[in-house]
Amino acid sequence: MQKFGFFRNPTQITYGMEAIYQVENIVNEQQFKNVLIITDPGILQTDLISKLQSQLENVNYKIYGKTQPNPTVSNCNHALAMLKEVEADVLIAIGGGSSIDVAKAVALLATNGGSIEDYEGIDKFNQELLPLIAIPTTAGTASEVTTFTVITNEEEQYKLTVGGIRLAPKWALVDPLVTKTLPPSITAATGLDALVHAIESYTSKAANPITKTLAREAIRKISANLRQAVYGGDNLVARDHMMMGSLLAGLAFNNTRLGNCHALSHPISAIYGVPHGVTNAIIIPHVMEFNAVAVPELFSDIAEDMGENIEGLTLMERAEAAVNAVKKLSKDIGIPESFADFNIGLEYLEQMSKDALLSGNIEVNPRITKYADVKELYKKSIEGTK
């Protein structure tokens, strides 16, 4: 039996409908004077920015709105330059995980200097970060409570991960209402990403009783509500459960890390630009099949949490039911079953396999994974689904 490890959550979370309107209270209480808002072009076209602006009438602010879906080193550098112009004493990130990840990187660079590449790894920085208010607009990445940021080095086609307890946002305003108008395709991709977070956290070697409880509840909420959120975007009950499921999964994997699926997905996104959630959705069945023989009892739990009828089945049949449940959910919400639409081949197989093995997620995957295993998982994900 594994010893209890630890559980940490350095972020103050405000959860609920219209939580976005807590920005003004934080700014006033902390007496912030200069604000940099970091977001993306899609959010700029919504009314969410005006909801922020109405709360910042008494402060000086600028908006950086060019964050890319797979955020880059260039995004971080440009946002940092704008931060220096406005002399910001606080950052507000509003958007998906990409905007929040850029904001984390900028918060780090503002006080530690250098370039974000200098800090790849865990706890490679010494100074406290600039305060960050994170407002997620997707029920997916949970970057608003995690202690990591993932940034793409475009020149090297490589996703680098920076981690550390101080990297977590100081405040997270988690408001299900802001996801109401999220397009079905993004709802689907980010929701599947959240489910993968929960599955990989639950089966992680670093899991403990607290993280397992959070992960299982996340699996139940997401699997029971993702279809409704995709096909009925104005269903606030489904949106609420999805946002809470994403948050719970984030709190879990922030303490356990993830697994092979995320390790393999990052190189594909870095090289081919495939959306992170879609990449995970395509890879996860193959990773689950690989892992099921190592921890079938855990996959049996996942099948049960996803509503599968497992009565009378053997342990391995119950584990297989979990894999099939994830496949069916992905298909039902329109996630591609393969990489066929993305023109992905095996020309970068060696590079992707080496990059994947650099991920700390491989270490906590429930089944020991070697270089040959990674290559085979890539082949099954790419060739096996053509």
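Taken over segment 65-120, the residue count meeting the criterion of being in a helix (DSSP H, G or I), out of contact with any strand residue (DSSP E or B) (no Cβ under 9 Å at 6 or more places or on another chain) and basic (Lys, Arg) is 1.
If you filter segment 251-294 down to residues that are buried (at least 24 other Cβ atoms within 10 Å of the Cβ) and among the polar types (S, T, N, Q), you find that the one that is farthest from the chain's Cα centre (by Cα) is 291.
When each of 378, 371 is tested for being surrounded by fewer than 16 Cβ atoms within 10 Å (Cβ to Cβ), hydroxyl-bearing (Ser, Thr, Tyr) and touching a helix residue (DSSP H, G or I) at 6+ places or on another chain (Cβ under 9 Å), the lone residue that passes is 371. In summary, residue 311 fulfils each of the numbered conditions (1) crowded, with 20+ Cβ neighbours inside 10 Å; (2) more than 21 Å from residue 217 (Cβ to Cβ) with the single exception of condition (1).
Check segment 196-205 and report whether any residue there is within 13 Å of residue 242 (Cβ to Cβ), modelled with pLDDT of 95 or more and outside the structural domain of residue 296 (by TED's automatic domain parsing). Looking for residues that are within 13 Å of residue 242 (Cβ to Cβ), modelled with pLDDT of 95 or more and outside the structural domain of residue 296 (by TED's automatic domain parsing), one finds none in segment 196-205, hence no.
Among the residues here, residue 151 does not qualify as among the aliphatic types (A, V, I, L, M), surrounded by 17 or more Cβ atoms within 10 Å (Cβ to Cβ) and within 18 Å of residue 20 (Cβ to Cβ). Residues in segment 59-79 that are buried (at least 23 other Cβ atoms within 10 Å of the Cβ) and more than 26 Å from residue 187 (Cα to Cα): 79 alone. Among the residues making up segment 91-105, those that are in contact with a helix residue (DSSP H, G or I) (Cβ under 7 Å, 6 or more places away or on another chain) and either modelled with pLDDT of 95 or more or among the basic types (Lys, Arg) (or both) are 91, 92, 93, 94, 102, 104, 105. Whether a residue is under 23 Å from residue 72 (Cα atoms) and not in a helix (DSSP H, G or I) was assessed, and residue 278 does not pass this test.
The values are calculated or read from the model by the stated rules, or taken from the named source; none is laboratory data. In this text the structure is predicted, and so the values were computed from the model without any measurement. Cβ atoms come from the backbone with ideal geometry, glycine included; neighbour counts cover every protein chain shown.
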